[in-house]
1. For segment 261-288: of the residues being surrounded by fewer than 18 Cβ atoms within 10 Å (Cβ to Cβ) and hydrophobic (A, V, I, L, M, F, W, C), which is modelled with the lowest pLDDT?
2. Within segment 442-449, is there a residue that is under 27 Å from ARG287 (Cβ atoms), under 24 Å from the mean Cα position of the chain (by Cα), at pLDDT below 95 and charged (D, E, K, R)?
3. If we scan segment 78-100, do we find a residue that is of a type outside the set (D, E, K, R), crowded, with 16+ Cβ neighbours inside 10 Å, away from the ligand (no atom under 16 Å from the Cβ) and outside any loop (DSSP other than H, G, I, E, B)?
4. Just checking, does segment 309-323 include any residue being part of a helix (DSSP H, G or I) and of a type in the set (Ser, Thr, Tyr)?
5. Specify which of the listed residues (ARG458, ARG383) is within 15 Å of the chain's Cα centre (by Cα) and either away from the ligand (no atom under 13 Å from the Cβ) or basic (Lys, Arg) (or both).
6. Which numbered condition trips up GLY46, out of (1) over 28 Å from HIS121 (Cα atoms); (2) under 17 Å from the mean Cα position of the chain (by Cα); (3) of a type outside the set (Phe, Trp, Tyr)?
7. Given the structure, is ALA29 buried (at least 21 other Cβ atoms within 10 Å of the Cβ) and either within 19 Å of the chain's Cα centre (by Cα) or more than 16 Å from the ligand (Cβ to nearest atom) (or both)?
8. Can we say GLU363 is more than 16 Å from the ligand (Cβ to nearest atom), surrounded by fewer than 24 Cβ atoms within 10 Å (Cβ to Cβ) and in contact (Cβ under 8 Å) with a residue 60 or more places away in the chain?
Amino acid sequence: MRQFEFIVLGSGIAGLSFALKVAKHGRVAIVTKKDRAESNTNYAQGGIAAVTSKEDSVELHVRDTLQAGAGLCKEKTVRTIIAEGPARIGELIDLGMQFSEREIPESAGARELDLGKEGGHSKRRILHAKDITGREVERALLAAVAASPNIEIFENHLAIDLVTNQKLGYVGEPRCLGVYVLDKRSGVVETFSGAVTMLATGGCGKVYLYTTNPDIATGDGVAMAYRAGAPVANMEFIQFHPTCLYHPKAKSFLISEAVRGEGGVLKTLEGVEFMDKYHPLKSLAPRDIVARAIDSEMKKSGADYVLLDITHRPARFVMDRFPNIYQTCLRYGIDITKEPIPVVPAAHYQCGGVVTNLDGKTEIEGLYAVGEVACTGLHGANRLASNSLLEALVCAHRAARTVISARPKRVDYSIPDWQSGKANNPDEMVVVSHNWDEIRRAMWDYVGIVRTTKRLQRAEKRIANLQDEIQEYYWDFIVTSDLLELRNIATVAEVIIASALQRPESRGLHYNLDYPNPNPDWAQRDTIVRK
Ligand SMILES: Cc1cc2nc3c(=O)[nH]c(=O)nc-3n(C[C@H](O)[C@H](O)[C@H](O)COP(=O)(O)OP(=O)(O)OC[C@H]3O[C@@H](n4cnc5c(N)ncnc54)[C@H](O)[C@@H]3O)c2cc1C
């Protein structure tokens, strides 16, 4: 058994920020299922929303966030996270994070942070590193982690399940004691024990057929917390990013909202602008409205995609502001300075998650959750663009402060080793790959951008059947990462559907044709699912 004071599951912005802050107070294990930089964070393009300019204010950022959240945000949470954001950004800069800057006009060469604008924001407030903000965040945080002797990173280690006192048969308030972890290289399941376990495992885009998320985003944290008995909230609110590159060879490449922020316009294949029919902010309307508008245009015309056109901006500007998008599209034969970009909506962000307070505390003692895996109440029914990296930074700091002041003690339970029982080597991997495809397709077709109760019920039945099959497979065969992730996407699919069926209204990202309007009785009600 490996013993640490702090076990951190995940090496995105949430996990790394937390690990760095607690490392002076005890030994930290960062368990991460691929290489250390592979995370949703690494692919963030747009940037981090924070109030740093004189023209902006906390009040305006709060107002924009509440508006996007469609009545469901927790206002105290919103105010706290937004007010504390600038201090956390300052710390990131002190660590070496390099945000893009621009020359202040008529100032003899003085420079300031270059602030971008994205949908739903009333001011320019997005700090970014060109269009590779997340990569730069990971670079800066991982460099600091490398210089922290108290932190050990376990790459290619996949957390399977949380160990709780109740699972071990002890009575008393639920307490997390550690986690079982699969070393993907050796196939051995190890036990990690610690006083504090931090879930920083990110989101669940891979539950859907089309997603902007990388392969790691299989909702493992939500699934593990749910199995351990923690409540999970608001999982029906899945944000579909309106503009993912449409190309047969491009897997999950996002065309940042910032492209629309800088003037990019959505058009049909015939070159006709259509967003004026849907919202006064046109192409810069909130994401849910843009995604539904594209979905509706595609359904009407039968087209597989729509176009995003930024060719009217100077080529030099486009290439300099969006070097990564420009180069990537060029690799697929699209010169975005000369021709419009084919785009489709894709699952992007999980607004709900494991219920926590502002300090990342879950209902299970010793278990914390921060970042996309958590539901603090910041996003409500819809996330305002670039608020997620901000939330992860602020809540990781607050969680670190809380656990340090609580002086975590070593756990004195004895945790049994993982039991493989009579499990055999899997004989038919086709079962696993088939079920992966079936779940993702069912979720896309029945639990996507526009829902109906009948389709949700249909999906519920399908997923229940698949769950039985997966459980059987899980107990009969030696675990592999594909099987464990399959079990997790099935669990998360079940939770999303259960949440969507609980909410008898349309609000924010949850749009049900059988209840097309918001229901005032549900304005401040979270949907809670627990085992
Ligand atoms: C393409 C794209 C662009 C985006 N752009 C922006 C943006 O501009 N601004 C913004 O605010 N947000 C953006 N987002 C959202 C934002 O990137 C994420 O919400 C945020 O990075 C989540 O951080 P995190 O630390 O919670 O999780 P992640 O960064 O996803 O990290 C999760 C970590 O957990 C690990 N992990 C998962 N499961 C396990 C397991 N079972 N065992 C061990 N390790 C595990 C993963 O390997 C990974 O290291 C974007 C997302 C995507 C996909």
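The values are calculated or read from the model by the stated rules, or taken from the named source; none is laboratory data. Because the structure is a prediction, the values reported are computed rather than measured. So basically every Cβ, Gly included, is an ideal-geometry build from the backbone, and we count neighbours across all protein chains shown.
1. LEU281
2. So far as segment 442-449 goes, yes, one or more of its residues are under 27 Å from ARG287 (Cβ atoms), under 24 Å from the mean Cα position of the chain (by Cα), at pLDDT below 95 and charged (D, E, K, R).
3. yes
4. no
5. ARG383
6. The one condition GLY46 does not meet is (1).
7. no
8. When the stated conditions are applied, GLU363 passes them.
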